[in-house]
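Below is one structure, written out as structure tokens; comments come after it.
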Amino acid sequence: MIGLYHFLSLAGVMFLIGAVGVLIRKNALIILMSLEMMLNAANIALIAFARFTGNIDMQVAVFVIMTIAAAEVAVGLAIILKVFGARRTINVDALTSLKR
């Protein structure tokens, strides 16, 4: 039987992979995908808690997180496309114009 521990382990592994992707990768698209993986890990943990505790409030939080993730993807992709159009690169180390 699959228990709460299994869901939380999966969420933890997914969050760890996403955090490592955000911290060590230099491609903006991969960083964006890693952020999505971290948000989905939070969703899995919240749904698991909702299922095992019977509290439906956590499912509402999942919908809020999904909305935030959708907005993050829309804004993030728009920024990446605009930066790529101007600089011809999406390497975050090469984008130093905001440091001044």
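The values are calculated or read from the model by the stated rules, or taken from the named source; none is laboratory data. Computed from a prediction, not measured in an experiment: that's the story for all the values here. Neighbour counts run over all protein chains shown; Cβ positions are idealised from the backbone, glycine included. All accessible areas refer to the heavy atoms of the entire protein, side chains included, with ligands and DNA or RNA removed. Shrake-Rupley method; radii C 1.70, N 1.55, O 1.52, S 1.80 Å.
So in region 14-30, with the set limited to residues that are in contact (Cβ under 8 Å) with a residue 24 or more places away in the chain and in a helix (DSSP H, G or I), which one is nearest to residue 89 (Cα to Cα)?
Per the criteria, the residue is 28.
Scan region 31-46 and give yes if some residue there is exposed (fewer than 13 other Cβ atoms within 10 Å of the Cβ), in contact (Cβ under 8 Å) with a residue 24 or more places away in the chain and within 30 Å of residue 94 (Cβ to Cβ), otherwise no. Show your work before the answer.
If we filter region 31-46 for residues that are exposed (fewer than 13 other Cβ atoms within 10 Å of the Cβ), which is where we start, we get none.
Looking through region 31-46, none of the residues is exposed (fewer than 13 other Cβ atoms within 10 Å of the Cβ), in contact (Cβ under 8 Å) with a residue 24 or more places away in the chain and within 30 Å of residue 94 (Cβ to Cβ).
Return the pairs, sorted by first residue and then second, in which the second residue is assigned to a helix (DSSP H, G or I) and hydrophobic (A, V, I, L, M, F, W, C), the first residue lies in region 59-80 and is over 22 Å from residue 92 (Cβ atoms) and open to solvent by less than 60 Å² (accessible area, probe 1.4 Å), the beta carbons are less than 7 Å apart, and the residues are 6+ apart or on different chains.
61/46; 62/46; 62/47; 65/39; 65/42
Which of (1) in a helix (DSSP H, G or I); (2) open to solvent by 70 Å² or more (accessible area, probe 1.4 Å) is the odd one out, the single condition residue 93 does not satisfy?
Here residue 93 clears every test but (1).
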